Structures are given as structure tokens and as C-alpha cells.
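Asks: Take this structure, written in C-alpha cells, and hold onto it; I'll ask about it next.
Please treat every number below as a calculation from the coordinates, not as lab data. For clarity, every value in this text was computed on a predicted model and none was experimentally measured. Quick reminder, even Gly has a Cβ in these numbers, built from the backbone with ideal geometry, and neighbours come from all protein chains shown.
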Amino acid sequence: MIEIRGLAKRFGKKVVLDGLDLAVPRGENMVVIGGSGTGKSVLLKCVMGLLRPDEGEIRIDGEDITRMDEEELVRVRRKFGMLFQGSALFDSMDVGENVGFALRRLRKFPEERIREVVEEKLSMVGLREIQRLMPAELSGGMKKRVGLARAIASEPDILLYDEPTTGLDPIMADVINDLIVSLRERLGVTSITITHDMASAYKIADRIAMLYKGRIVETGSPDEIRSTANPVVAQFVQGRARGPITDESEEFVRFVRGRAEGGKGA
Amino acid sequence: MTERPPGRVTAAVEGIGERVYGMVQELGAVSTLLFRVVAGAVRRPFEFGNIIKQMEEVGVRSIPVVLVTATFTGMVLALQSFSGFERFGATSLVGTVVALSITRELGPVFAGLMVSGRVGASMAAELGTMKVTEQIDALVTLATDPVKYLVVPRVIAATFVLPVLVVFADFVGILGGYFVAVHVMGANPHVYVAKTYQYLEFRDIYTGLVKAAVFGSLISLISCHQGFVARGGAEGVGRATTRAVVTSSMMVLVSDYFMTSLMF
Ligand SMILES: Nc1ncnc2c1ncn2[C@@H]1O[C@H](COP(=O)(O)OP(=O)(O)OP(=O)(O)O)[C@@H](O)[C@H]1O
Ligand SMILES: [Mg+2]
């Protein structure tokens, strides 16, 4: 169970998160949507304890991680797995070593068993017999899936996915969607997923939350979000160029309109 | 109240103040890193595999540069002192001068500078790249302390390997001096060797090795720290690398002075 209250994070003068509240009940998948650069990845890094928030609290199973020292954080982080937006594979290790990293560090199983687990997790993300390849030899989508296999390898209770389907073809994206759903259904994983891909959001979410201007402006079930009355959320989920989000930025609007009119003239 | 633009003097003082502040802050950060390294080194798992790998990287791969610089340092030292001492007929002391200079100062310092360039740069670049591509964050999410996993093996390896490099450097440096003095300048080989042994004490050698160990820890700590604070893509990694080399070379020379003044 994850409860975030009044979370604020600034970088210098730039306010990224500004009093954000979000609660994810045990065993649910919360999908967070929001424009590029609104602080979705920053939110995940705060939950993981990689970034220290300036204000607010983040409770993981009741314990506030913002007040913990490094040692306590290490213990809490064992509950987590995280898929990074840029995969963040260790480029000095091959795929098998990447996926088995945490298992080998923690000496969870004997080496034989670790190899089996690694192979199993890789096949769950649709990759086989690539254990000996180096990350530099993989495509972007393959890296993402290896990153996912690495995140789930030690079977954490909580999973944080930063854009799991970005850069994948539609079929592979759906395989990953199914995987996320089945991890929740079979293992009762609690998760936060960030995505721009609305098809994926509707499919995997128990609830969807929209991040805008440093706060969660709306939370609801996929159906509620689809038929929302909130103009900001509506513009985002329908993917329209015009609306309250883009009206914020005068210059951008003029650019879009200019192009639309130029297009008509030609 | 309106703010006045600062005068030139004020600005200069502020600039210096900022520099000094930055240096003090960095010193603090590197000391904190040292504490974390010590704490991490005594905790399980002991990272033997990584330590061996780093020893190879720091030690074995640095042997050629260190040997070449040490040989030529010994050679030029013999050349200079021979022609200088000729003026007052003291050429018999060339062996002593070469041996003492190499073991006490030039062996450790030049090895330190070479390792700053070679190893400092590669540590900062490697960790810096890992930092900007979020690999260090990924380590944290995989139940691994990056300081323990990445910094501890590098610091241990550098601290123990640098003295070994200096033993080699001392040896070839003295040999280079002998070669030039005897075969180029025509010194008497028996006198040269005798004078080398006569005044060289064990203390001269081991103080040099202690210095080398300190240089090794300084270089690796500073370079790992620079890697960890790198930000902003390839350019940021480049900046971190430069700063690692410049700072660690400077610290080799500065700490050398203080250690010398304490030891002798
Ligand atoms: N380490 C950092 N230092 C300074 N600024 C940062 C840092 N990390 C993120 N930011 C800033 O915070 C803002 C939010 O970044 P974030 O990566 O969370 O966006 P995002 O919502 O994940 O966007 P995208 O959908 O494009 O991934 C950005 O404006 C970014 O410039
Ligand atoms: Mg992001």
C-alpha cells in the first residue's frame, strides 16, 4: 500500500511536484498519466527513495520513507522493483547478468536456480536465448523488456513501471500489458505505471490519475477517466492539440494555429 | 531598496569566496565518501571479485606508463646531477642523489601523477556515464549500495596497488640512473653502486610507499566522487573527467608536501 501526501519537489527554482496526493491500495495498479516534463518520473523516483522530496510524506505499508536514513531505506527498497524510462541496463554486463543481478547479490538461490529464473523471466517478456548478448547489441524495445525482466526477477511486492510500452510494437506492447496484468492478478503486486499510451492505460489500470502542474488533478477508474468532465483530463486522454493544456502556452498555441491555417491556405 | 550592481572588487572577492566555499564543500563530500567507503568495506559481501578486477585495471594496465616515466626520470636525474656535481667534483654522490630522490619523492609522485591521468580519468568517466544513464539509480533499486559496489573496490585496489607500482618505479628509476651515469657519463660503476647503498635507508623506501598508498586513496576517492556528481549527458561526463584528473593531480602534489614535512 502506497500513500503519498502533500509531496513537493523542486529543482532549484523550478517547482516540479507541488503538494501531490495519491493513494494506491494493496494489489492495485495505479496508472499515472500526464504531459511530458510534468514530473512523472520524478514522482516514481521519490517513491523509490532515489530522490528526497522537499515536503510531504510517502508511506509504504504505513512507514514514512521520507524520514528514513539510508540503512532503513535499503530494507524498504527490497520490496520494490523499478523499470526505468531509459531501461538503465548495466552496460558492462550481459543480459543474463543484468537480469540475475539482484538474485546474485542477495544470494537468493544457488547459481543453477538463478539461471533458470533468469531464463524464465526473459521468456515472460518475450525474449529467449539472448542471455549472452550485451546491452549495446539490443534494440531500444529489447532493452526495455530486459529492464522489465530485471525489475521483476526478485519478485517484489511493489513494481514501479516508467513507460513500459514506449518504443514497443503494438503486439509486443500488448504482451507487456498482459504481463503487467498477470503479475497483479497472480502475485498480487501493487504497482504504479506511468504511460502516455492510453490504450495500455485503459487495459492495465485499476485506477488512472492525471498529473498536471505538480498535482493529481483527477483520479478515477478507466471508464470514469474516459468520460471525464474535467477539460484538462479530457484534452489529454483524447490527445487533442487544442484545449486548456496547450492554451497555457501562448507561443505554442500560435505555432499550432499558424500551422493549421497555413495548411488550409495551401 | 534597490540592488546596486556589485563593484569590481566586490565581485572578485565574491568569486574567490565562492571558489573557496566550493573547495571546502568538495573536501567535505570526499571525506563523507571516505567514511562510507570504510563502513562499506567491512560489511559483507566483501566484493573480492570486483577488487581483483580493479587491481588489474589500476595496476597491471598502469605498469607500462609508470615504468617508462620512472626510467626516464632516473635517467634525466643522473644526467643533470652528474653535470652539476662535476663543477665541484662531487660526481661520486650522483648515485646517492638519484636513489634518494627517486625513492623519497619522484617515484611516488610521478607514479601518482600518471595514475591520476590514467585511472582517475577512467574511473570518473565510467561512474559518470553510469550516473547520467541512471545505472547508479538502478543499482540502488536492486538492493545494492553503489558506494559499496563501485567505490569500495576501486579505493581498495588503488590504495594497495599504487605502492606496488612504486616499488617497480623505484627499481627501474635507479637502474635508469645507473645506466646513464655509468654508460653515458662514464662514472665508476663500483663507486656508483656503493654510494647508492651507503646512504639509502629502508625508511626512504617505505615512506615513499606510504605516500603512494595515500595517493592511491586520494585519486580513487576524488575520481569516484566526480563521477557520482556528474550530470547532464556526455558533456557532463567530460567535465567530471577533467575535474577528476586536475583535482587528483593537484592533491597528489599538495598532500606530498604535507606528508614529507611530517615524515622527515
Ligand atoms: N535530476 C534533476 N535535476 C534537475 N531537474 C530535473 C531532474 N530530474 C527532472 N528534472 C526536471 O523535472 C521535470 C520533470 O521531469 P520528469 O523526468 O519527471 O518528467 P516526465 O513527466 O517523466 O516526462 P516524460 O513523460 O517526458 O518522461 C523536468 O522539467 C526536468 O527538467
Ligand atoms: Mg519520464
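Asks: Computed FRET efficiency, Cβ-Cβ of residue A:14 and residue A:166, R0 41 Å: what is it to the nearest 0.05? Don't skip to the end; give the middle numbers.
Replies: Values: r = 24 Å, r/R0 = 0.58.
According to the calculation, E is roughly 0.95.
Asks: Net charge near residue B:118: determine it from the other residues with C-beta under 12 Å of the C-beta of residue B:118, scoring Lys and Arg +1 and Asp and Glu -1. Numbers along the way, then the final one.
Replies: On the way: positive: B:61; negative: B:57.
Summing Lys and Arg as +1 and Asp and Glu as -1 gives 0.
Asks: On alpha-carbon atoms, Rg over Rh for the protein assembly as shown using Kirkwood Rh? Could you put the intermediate results ahead of the total?
Replies: Details: Rg = 30.0 Å, Rh = 27.1 Å.
That ratio is 1.11, to two decimals.
Asks: Still on this structure, please answer the following. Given R₀ = 25 Å, FRET efficiency for residue A:52-residue A:74 by Cβ-Cβ distance, to 0.05?
Replies: Working: r = 15 Å, r/R0 = 0.60.
Using R0 = 25 Å, I get an efficiency of 0.95.
Asks: Then there is this: Give, in nm to one decimal, the length gained when the segment between residue A:187 and residue A:238 is fully stretched (0.36 nm per residue of separation minus the Cα-Cα distance). Please list the in-between numbers first.
Replies: Values: separation 51, 0.36 × 51 = 18.36 nm, distance 3.25 nm.
15.1 nm is the gain from fully extending residue A:187 to residue A:238.
Asks: On to the next question. Please work out how many pairs of lysine residues in chain B are eight or more positions apart (or on different chains) and have Cα atoms closer than 30 angstrom. Each step should come with its number before you reach the end.
Replies: Numbers: B:53/B:131; B:53/B:148; B:53/B:211; B:131/B:148; B:148/B:211; B:195/B:211.
Lysine pairs meeting both conditions in chain B amount to 6.
Asks: Order of A:40, B:211, A:13, A:108 from fewest to most other C-beta atoms within 10 Å?
Replies: Working: A:40 23, B:211 26, A:13 5, A:108 15.
Sorted ascending by nearby Cβ count, the order is A:13, A:108, A:40, B:211.
Asks: Something else: Just add up the charged neighbours of residue A:29: K/R +1, D/E -1, any other residue whose Cβ is under 12 Å from the Cβ of residue A:29. Before the final figure, lay out each step's value.
Replies: On the way: positive: A:26, A:184, A:203, A:207; negative: A:28, A:185, A:206.
Here the charged neighbours net out to +1.
Asks: Just going by the charge dipole of the protein assembly as shown, with Lys and Arg at +1 and Asp and Glu at -1 on Cβ, which of B:216, B:68, B:179 is farthest out on the positive end?
Replies: About the Cα centre, the residue reaching furthest to the positive side is B:179.
Asks: So what J values fall out for the stretch B:71-86 if you push phi through Karplus, 6.51 cos²θ - 1.76 cosθ + 1.60 with θ = phi - 60°, rounded to Hz, Gly and Pro as x?
Replies: 4, 5, 4, x, 5, 5, 5, 5, 4, 5, 6, 4, 5, x, 6, 4
Asks: Related question: Just tell me the longest site-free run in chain B, where the sites are GluC sites (Glu not before Pro) in a DSSP loop having at most 12 other beta-carbon atoms within 10 Å. Mind dumping the intermediate values first?
Replies: Details: sites that count: B:3, B:201.
Within chain B, the longest run free of exposed GluC sites (Glu not before Pro) spans B:4-200.
Asks: What FRET efficiency, computed as 1/(1 + (r/R0)^6) with R0 = 35 Å and r the Cβ-Cβ distance, is obtained for residue B:193 and residue B:52, rounded to the nearest 0.05? Before the final figure, lay out the partial values.
Replies: Numbers: r = 38 Å, r/R0 = 1.08.
The value I calculate is 0.40.
Asks: If chain A were replaced by its equivalent ellipsoid, with semi-axes equal to the square roots of 5 times the Cα gyration tensor eigenvalues, what would those be, largest first, whole Å? Present the calculation step by step, with values, prior to reporting the outcome.
Replies: Details: eigenvalues 220, 110, 59 Å².
Each semi-axis is √(5λ); the values are 33, 24, 17 Å.
Asks: Do any GluC sites (Glu not before Pro) in the stretch A:113-161 lie in a DSSP loop with no more than 10 other beta carbon atoms within 10 Å, and if so, which?
Replies: Working: sites: A:116, A:119, A:120, A:129, A:137; in loops: A:129.
The qualifying sites are A:129.
Asks: What helices in chain A pass both tests, a Cα length along the helix axis of 15 Å or more and a mean Kyte hydropathy of -0.5 or higher, using whole DSSP H runs? If you can, show how the numbers build up before the last one.
Replies: Details: long enough: A:111-124 (20 Å, -0.90); A:140-152 (18 Å, 0.00); A:170-187 (25 Å, 0.64); A:250-265 (22 Å, -0.86).
Once both thresholds are applied, what remains is A:140-152, A:170-187.
Asks: Roughly what would the spin-label model give for residue B:234 and residue A:137, points 7 Å off Cα along C-beta, in nm?
Replies: Label at residue B:234, label at residue A:137, 2.4 nm between them.
Asks: How large is the dipole of chain B about the Cα centre if only Lys and Arg carry +1 and Asp and Glu carry -1, each at its Cβ, rounded to the nearest 20 debye? Each step should come with its number before you reach the end.
Replies: Values: 20 positive and 18 negative charges, 21 e Å.
Once rounded to the nearest 20, the dipole reads 100 debye.
Asks: Distance in nm between label sites at residue A:116 and residue A:104, each 7 Å beyond Cα in the beta-carbon direction?
Replies: 1.9
Asks: At 222 nm, what helix-only mean residue ellipticity would the protein assembly as shown give, in deg cm²/dmol to the nearest 500, using -39500 (n - 2.57) for each DSSP H run of four or more? If you can, show how the numbers build up before the last one.
Replies: Details: 23 runs with 314 residues, N = 530.
Calculated from helices alone, the mean residue ellipticity at 222 nm is -19000 deg cm²/dmol.
Asks: Identify all lysines with a Cα-Cα distance to residue A:203 below 21 Å; exclude those on the same chain that are fewer than 8 residues away in sequence.
Replies: Here the lysines satisfying the reach criterion relative to residue A:203 are A:40, A:144.
Asks: Let me ask another. Relative contact order of the stretch B:47-263: what whole-number percent is it, with Cα pairs under 8 angstrom and at least 6 residues apart? Mind dumping the intermediate values first?
Replies: Values: 323 pairs, mean separation 78.4, N = 217.
For the stretch B:47-263, the relative contact order is 36 percent.
Asks: Debye sum, Cα scatterers, chain B, no solvent: what log₁₀ I/I(0) at q = 0.07, 0.08, 0.12, 0.13 1/Å?
Replies: Result of the Debye calculation: -0.33, -0.41, -0.78, -0.86.
Asks: What residues from the stretch A:64-91 fall in the zone where the backbone N is under 19 Å from a label point 7 Å along the Cα-to-C-beta line of residue B:32?
Replies: The answer is A:66-74.
Asks: Straight-line reach from residue A:213: which aspartates and glutamates have Cα under 15 Å away, leaving out those fewer than 8 places along the same chain?
Replies: Output for residue A:213: A:18, A:21, A:247, A:248.
Asks: Next question. Count the net charge of all other residues whose Cβ sits under 9 Å from the Cβ of residue A:134, scoring Lys and Arg as +1 and Asp and Glu as -1.
Replies: Numbers: positive: A:132; negative: A:91, A:94, A:137.
Taking every other residue near residue A:134 into account, the sum is -2.
Asks: Pulled fully out, how much extra length does the chain show between residue B:179 and residue B:260, if you take 0.36 nm times their separation in residues and subtract their Cα-Cα distance? Spell out each step's value before the answer.
Replies: Numbers: separation 81, 0.36 × 81 = 29.16 nm, distance 2.83 nm.
Additional length available on full extension: 26.3 nm.
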